[in-house]
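Just so it is clear, none of the values below were taken in a lab; they were calculated from the coordinates. Owing to the predicted nature of the structure, the values given are computational and were not obtained by experimental measurement. With ideal geometry, Cβ positions are generated from the backbone for all residues, glycine too; neighbour counts draw on all protein chains shown.
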Amino acid sequence: MANKNLDIIIGLPTYNNGKTINYVVRSAYSGLLEFFHNKNIQIVISDMGSTDKTVEVIFSLIGRMGDKLKLMQYRRNKRIGEAIKDILVHGVENNAKAIVILDPGLPNIKPMWMYLLINKVLSGEYDVIAPYYYKHEYEAMITNFVVYPIMSAIFGLRIRNPVAMDCSLSTAAARVILEEEKLWSKYVTGLGIDVLMAVTAIIKELKIAQASLGKLEYFEDLKLNLAQSFREKTKFLFELMYHYMPYWTKITKIRDPPIIGEIKDVTGIRPQLIDWLLFDAFYKLYKTHESLISEIYNEKIVKNLHEIHRNKNTKVRISSDVWTEILRDTIVAYIKKWPEKSDEIVDAFMGLWALKVLSFTNETKGMSADEAEKVIINHAKTFETARIELLKIIKNV
């Protein structure tokens, strides 16, 4: 039965987070008690069929926290997008003024995050607050070279982490997202949910800010998760570009969302990317999609890719100008050939993206995190300069 008087809901979509869930819940609850002790609060855990001790830990926490902690259990293999959607529905049904989605696997969530993510949503100043992390330069490579430049150049908002869970939104924003039923495809029920939330917030002109949350101590497993993550997020982002062409083709200004909180220079251990694994991904995908690649990209790029593949050159360098051409031509090809070749285009592009990540590691070895971040920003801004040319090409598609 819905409680119609909730002010704040914290949602955690869990799956085998037994090692971290106790800390995350206690840290979030501590922040709620410290900064919002006079508000009606609830932490909601949407579990996707955990097989470890996650649920056992949660029941132990419920024994201490009572109705301040709610568990929603599902069958196995329920996907993260479905879990997040159910949290949003729960927030709307309870008329929560602020709904926060947290990553239950993060080992460094701080109580202060609750204030930074919630306060200005409760006040009505913003509808959505996205996370602004200080990340290691080798993290979030899908965001760095695909999602971030597209969000800024195509959708007109330089939101640095547009596909992260640690965000907050008002009930009105949640309703807007839930109303986009025609976009709830298999990609949205999975990893594409974050892309949908970010793009919908921009398209519907919601008031968006970023919260400076400090250092992010979690990064993707290249061997296990990145291929699936790339396919789902990239394909759905491209589909949203196709779907919302009438909107973004009219954008004339690129904006910087405000940042809440102090941006701190936090250093840490650099994640290790495996050069041979990146090149192997390019090598196999290029071989599979060589004909399609020759069809999509210009002669000079195709010739260079062929030589890299033939010579097995792992010391490759791909400039921001060349990456802009690749990203632009991929978008054009996707729009032109959607939907019959959408899967093949995304897979071919994934091979080139793996090569770009390898190029970035080659370029930034010996650089500080700040210097490497400037390289990423430069790539995004270079792609922004190609926006007018991209629009001209699309008009003739």
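Working out 0.36 nm times the residue gap between residue 23 and residue 228, then minus their Cα-Cα distance, what length gain in nm do you get to one decimal? Present the calculation step by step, with values, prior to reporting the outcome.
Values: separation 205, 0.36 × 205 = 73.80 nm, distance 2.81 nm.
Gain in length upon complete extension: 71.0 nm.
Using the number of other C-beta atoms within 10 angstrom as an exposure proxy, rank 102, 183 with the fewest first. Don't jump to the answer; show the numbers that get you there.
Details: 102 24, 183 19.
Fewest-to-most ranking of 102, 183: 183, 102.
Which order do the peptides 147-159, 14-26 take when ranked by the mean count of other beta-carbon atoms within 10 Å per residue, highest first? Numbers along the way, then the final one.
Working: 147-159: 23.1, 14-26: 20.1.
Ranking, from highest mean packing down: 147-159, 14-26.
Relative to the longest principal Cα axis of the chain, at what angle does helix 226-243 sit, 0 to 90 degrees, rounded to 10?
90 degrees
Could you tell me which GluC sites (Glu not before Pro) in segment 85-146 are loop residues by DSSP with no more than 14 other beta carbons within 10 angstrom of their beta carbon?
Details: sites: 93, 125, 137, 139; in loops: 125, 137, 139.
Sparse-neighbourhood loop GluC sites (Glu not before Pro): 125.
Contact order normalised by length for the chain, with contacts defined as Cα pairs under 8 Å and 6 or more residues apart; what percent is it?
Details: 639 pairs, mean separation 66.6, N = 397.
In percent, rounded to a whole number, it is 17.
Nearest 10 degrees is fine. How inclined is helix 299-311 to the longest principal axis of the chain, computing both from alpha carbons?
For helix 299-311, the angle is close to 80 degrees.
So if R0 is 22 Å, what FRET efficiency would residue 389 and residue 304 give, r being the distance between their Cβ atoms, rounded to the nearest 0.05? Spell out each step's value before the answer.
Values: r = 20 Å, r/R0 = 0.93.
For R0 = 22 Å, the calculated efficiency reads 0.60.
Does segment 275-395 come out rounded, prolate or oblate, given a ≥ b ≥ c as the square roots of the eigenvalues of its C-alpha gyration tensor, rounded meaning a/c under 1.5 and, failing that, prolate meaning a/b above b/c?
Values: a/c = 2.04, a/b = 1.17, b/c = 1.75.
Since a/c reaches 1.5 but b/c is at least a/b, the shape of segment 275-395 is classed as oblate.
With a 10 Å Cβ neighbour count serving as the proxy for reagent exposure, in which order, fewest first, do 199, 55, 44 appear?
55, 44, 199
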